[in-house]
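Colleague: Here it is: the structure, laid out below.
The values are calculated or read from the model by the stated rules, or taken from the named source; none is laboratory data. For clarity, every value in this text was computed on a predicted model and none was experimentally measured. Heads up, the Cβs are rebuilt from the backbone with ideal geometry, glycines too, and the neighbour counts pull from every protein chain shown. Side chains are part of the model used for accessible areas, which takes the heavy atoms of the whole protein and leaves out ligands, DNA and RNA. Shrake-Rupley method; radii C 1.70, N 1.55, O 1.52, S 1.80 Å.
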Amino acid sequence: FAEMRQCLAGFAGISWDRLETEGAVTHPCTDPEGPGREVLFGETFPTADGRGRFVPADIIPPDETPDDDYPMVLSTGRILEHWHTGAMTRRVDVLDSIEPGAMALLSPADLARLGVAAGERIRVSTRRGVIEATARADNDIAPGTLFIPFCFAEGAANLLTNPKLDPFGKIPELKYAAAKVEKA
């Protein structure tokens with residue numbers, strides 16, 4: 001942390017002792033007594049002239065879209081109990097007992113259409129792979145979409161994702177893939 005403070009001006013007012021005493025300090029904080037600032041670039045941007053550079057961007061369609069073979073959209077992400085791959089959080093008994101295994105969240109309408117009850121096993125496939133997970137009904141998931149956390153090695157969602165790179169940002173398209181769901 002001391003090395004980070006030397007490299008990042010916004011950490012100058014944050015010490016390890018202060019973090020232990022106060023529990024948290026808002027970044028950026030350059031005053032050792034101050035609360036930090038809620039807005040990261042409130043006065044200037046870290047550019048030569050201090051001004052931000054805003055570039056308009058067009059919406060680029062995804063590399064693959066749902067079709068007859070893969071009619072749903074798969075999105076992956078995190079869940080509260082397990083961060084990233086779960087390499088650390090899955091070793092915490094309390095957290096692992098709350099979310100102990102691979103799951104897929106679908107709308108109740110999609111579960112009914114597929115003839116799957118919440119709690120049953122489903123098979124999710126894309127052009128890159130197949131995994132199994134426990135189906136979970138979620139009213140916040142739009143029909144035609146499913147969400148799978150990527151923290152479960154036994155249901156590794158990232159085996160299904162699309163590695164196609166965005167032409168500008170060079171970021172892989174890991175959050176959108178055409179998928180098929182069926183009862184396991």
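Colleague: Let me spell it out: the conditions are (1) out of contact with any Gly (no Cβ under 6 Å at 6 or more places or on another chain); (2) aliphatic (A, V, I, L, M); (3) under 30 Å from ALA137 (Cα atoms), and ALA102 meets all of them except one. Which number is the exception?
Modeller: Evaluating ALA102 over (1) out of contact with any Gly (no Cβ under 6 Å at 6 or more places or on another chain); (2) aliphatic (A, V, I, L, M); (3) under 30 Å from ALA137 (Cα atoms) leaves (1) as the failure.
Colleague: Moving to a separate point now. Condition first: free of Cβ contacts under 8 Å to residues at least 40 places away in the same chain, of a type in the set (A, V, I, L, M) and open to solvent by less than 60 Å² (accessible area, probe 1.4 Å). Now tell me which residues in the stretch 88-108 satisfy that.
Modeller: Answer for the stretch 88-108, where residues must be free of Cβ contacts under 8 Å to residues at least 40 places away in the same chain, of a type in the set (A, V, I, L, M) and open to solvent by less than 60 Å² (accessible area, probe 1.4 Å): just LEU95.
Colleague: Continuing with this model, one more query. I'm checking my understanding of the structure. Among residues of the stretch 121-130 that are free of Cβ contacts under 8 Å to residues at least 60 places away in the same chain and assigned to a strand (DSSP E or B), which one is surrounded by the most Cβ atoms within 10 Å (Cβ to Cβ)?
Modeller: Among those that are free of Cβ contacts under 8 Å to residues at least 60 places away in the same chain and assigned to a strand (DSSP E or B), it is VAL124.
Colleague: Determine the pairs where a residue that is in contact (Cβ under 8 Å) with a residue 12 or more places away in the chain and within 16 Å of GLY34 (Cα to Cα), located within the stretch 4-15, has a partner that is surrounded by 16 or more Cβ atoms within 10 Å (Cβ to Cβ) and of a type in the set (Val, Ile, Thr) with Cβ atoms under 7 Å apart, the partner being 6 or more residues away or on another chain.
Modeller: ILE14/VAL25
Colleague: Further question: Hey, can you tell me all the residues within the stretch 19-69 that are open to solvent by less than 100 Å² (accessible area, probe 1.4 Å), out of contact with any Cys (no Cβ under 8 Å at 6 or more places or on another chain) and either within 14 Å of ALA9 (Cα to Cα) or not in a loop (DSSP other than H, G, I, E, B) (or both)?
Modeller: Passing the criteria: LEU19, THR26, HIS27, PRO28, CYS29, THR30, ASP31, PRO32, LEU40, PHE41, THR44, PHE45.
Colleague: Go through the stretch 131-184 and count every residue that is open to solvent by 80 Å² or more (accessible area, probe 1.4 Å), of a type outside the set (D, E, K, R) and part of a loop (DSSP other than H, G, I, E, B).
Modeller: 5
Colleague: In this structure, does GLU81 turn out to be open to solvent by less than 80 Å² (accessible area, probe 1.4 Å), farther than 30 Å from ILE60 by Cβ and at pLDDT 90 or above?
Modeller: The answer is no for GLU81.
Colleague: Is there any pair linking a residue in the stretch 140-153 that is at positive phi to one that is open to solvent by less than 10 Å² (accessible area, probe 1.4 Å) and at pLDDT 95 or above, with Cβ under 6 Å and at least six apart or on different chains, and which?
Modeller: As it stands, the answer is GLY144/MET72, since those pairs meet every condition given.
Colleague: For the structure I just gave you, tell me whether ARG37 is of a type in the set (Lys, Arg) and either within 30 Å of PRO167 (Cβ to Cβ) or touching a helix residue (DSSP H, G or I) at 6+ places or on another chain (Cβ under 9 Å) (or both).
Modeller: yes
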